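The values are calculated or read from the model by the stated rules, or taken from the named source; none is laboratory data. This structure is a prediction, so every number in the text was calculated from the model and none was measured. Note that we place each Cβ from the backbone using ideal geometry, even for glycine, and neighbour counts take in every protein chain shown.
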Amino acid sequence: MNMKKSLSAFFGLFLFAALSQSAFALQPSNTTNLVGTWTNVNSATGGIVKVVVTNNVLTGFRINTFGACSPTPCNHGNILASRFSKSVSSTVAQGLSGQYDFGFSTMLVTAQRVYDLDGGTFLEVETRTKFAAGDTRNDYTRTELFRK
């Protein structure tokens, strides 16, 4: 009798787990609008100078930002990012989002393709930097324009 109860409990848990699994949300699959190296149109920026967007079967959809450091740009590192389309039915990615954790601060990076500027291929990038508790600097946001 104990064996029947054990099997029944096992299958009950298995069925519950199988039915309670939520479906994964889909991200747009066509990333060609975003993938590539994007350079800030403002060469004198104090923020991000370059953004590299990649999509690889093994490593996933990633962004790598580079800050304005001297003599060479600071590599912030390669992080996973989410991609977004303009509508729930579109499979074409038009925007992205990812977050860095530098320890002393976090930086949320969001970007969106911009089409209507002088016929060029542009990416508008917004960063929101939040400093760790106890840091006396003010949290800030910055919006910049990049060209492929």
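Quick notes
- Evaluation of residue 76 against the conditions (1) touching a Leu at 6+ places or on another chain (Cβ under 8 Å); (2) crowded, with 16+ Cβ neighbours inside 10 Å shows that the sole unmet condition is (1).
- Within the option set 90, 85, 6, 29, being surrounded by 11 or more Cβ atoms within 10 Å (Cβ to Cβ), at pLDDT below 95, over 17 Å from the mean Cα position of the chain (by Cα) and not basic (Lys, Arg) holds for one residue only, 90.
- The one condition in (1) closer than 19 Å to residue 31 by Cα; (2) in contact with a Phe, Trp or Tyr (Cβ under 6 Å, 6 or more places away or on another chain) that residue 98 fails to fulfil: (2)
- Qualifying residue in region 32-51 (condition: over 20 Å from residue 141 (Cα atoms), among the small types (Gly, Ala, Ser), free of Cβ contacts under 8 Å to residues at least 60 places away in the same chain and outside any strand (DSSP E or B)): no
- Scanning region 36-50 for residues that are within 15 Å of residue 94 (Cα to Cα) and buried (at least 17 other Cβ atoms within 10 Å of the Cβ) turns up just one, 38.
- Within region 93-146, strands (runs of 3 or more DSSP E) holding 1 or more residues that are charged (D, E, K, R) and closer than 15 Å to residue 45 by Cβ: 122-131
- Note on region 100-130: among residues that are surrounded by fewer than 16 Cβ atoms within 10 Å (Cβ to Cβ) and closer than 17 Å to residue 49 by Cα, the one that is nearest to the chain's Cα centre (by Cα) is 108.
- Reported count of residues in region 96-148, each being closer than 22 Å to residue 62 by Cβ and either touching a residue at least 40 places away in the same chain (Cβ under 8 Å) or hydrophobic (A, V, I, L, M, F, W, C) (or both), is 18.
- Qualifying positions in region 65-89 - in a loop (DSSP other than H, G, I, E, B), within 27 Å of residue 26 (Cβ to Cβ) and of a type in the set (A, V, I, L, M): 81, 88
- For region 131-144, filtering for residues that are within 17 Å of the chain's Cα centre (by Cα) and surrounded by 14 or more Cβ atoms within 10 Å (Cβ to Cβ) leaves 2.
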